[in-house]
Amino acid sequence: MATFHLVLIQLQVSSIKSDNLTQACGLVWEAATEGVKIVSLPECFNSPFGMKYFPEHVEKIPGEATQKLSEVAKECSLYLIGVYPIPPHSL
């Protein structure tokens, strides 16, 4: 039976979206050095959790986060799972 490595990342989010994205990408790179094939970020990794924070942290798909995370996943040859606030009816 084949095996694979899965990592669940927890990070300390701030109110600064770009800092959260940078921190998440760094942790994905760190996991990749261990041979991980699937990385899961926490829900709302780009924002403090709570409805009051979502309006200023909302991001369309595609957007900055999906672009950067896609690049990192491709460069690290892994699958990446992440959830963040998106505008209503944007999918």
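Numerical summary
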quantity	calculated
From Ser70, Ser15, Ser47, residue being surrounded by 15 or more Cβ atoms within 10 Å (Cβ to Cβ) and among the polar types (S, T, N, Q)	Ser47
Any hit, the stretch 27-41, residues being of a type outside the set (Lys, Arg), free of Cβ contacts under 8 Å to residues at least 60 places away in the same chain and farther than 23 Å from Thr3 by Cβ	no
Subset of the stretch 63-72 that is under 10 Å from the mean Cα position of the chain (by Cα) and among the small types (Gly, Ala, Ser) - its residue that is farthest from Glu43 (Cα to Cα)	Ser70
Residue in the stretch 1-53 that is modelled with the lowest pLDDT, counting only those that are over 20 Å from Tyr79 (Cα atoms) and among the charged types (D, E, K, R)	Lys52
Filter result (aliphatic (A, V, I, L, M) and part of a loop (DSSP other than H, G, I, E, B)) within the stretch 55-86	Val58, Ile61, Leu78, Ile86
Verdict on Val28 being assigned to a loop (DSSP other than H, G, I, E, B) and of a type outside the set (Ser, Thr, Tyr)	no
Residue among Leu6, Leu21 that is surrounded by 11 or more Cβ atoms within 10 Å (Cβ to Cβ) and touching a strand residue (DSSP E or B) at 6+ places or on another chain (Cβ under 7 Å)	Leu6
Residues located in the stretch 58-91, provided they are over 21 Å from Glu34 (Cα atoms) and free of Cβ contacts under 8 Å to residues at least 12 places away in the same chain	Pro62, Gly63, Thr66, Gln67, Pro88, His89
Qualifying residue in the stretch 46-54 (condition: part of a helix (DSSP H, G or I), closer than 22 Å to Val28 by Cα and in contact with a helix residue (DSSP H, G or I) (Cβ under 9 Å, 6 or more places away or on another chain))	no
Selection status of Leu41, among the hydrophobic types (A, V, I, L, M, F, W, C), in contact with a strand residue (DSSP E or B) (Cβ under 8 Å, 6 or more places away or on another chain), surrounded by fewer than 16 Cβ atoms within 10 Å (Cβ to Cβ) and within 12 Å of Gly82 (Cβ to Cβ)	no
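The values are calculated or read from the model by the stated rules, or taken from the named source; none is laboratory data. All figures in this text were calculated on a predicted structure; none of them were measured in a lab. When we count neighbours, we look across all protein chains shown, and the Cβ atoms used for this are built from the backbone with ideal geometry, even at glycine.
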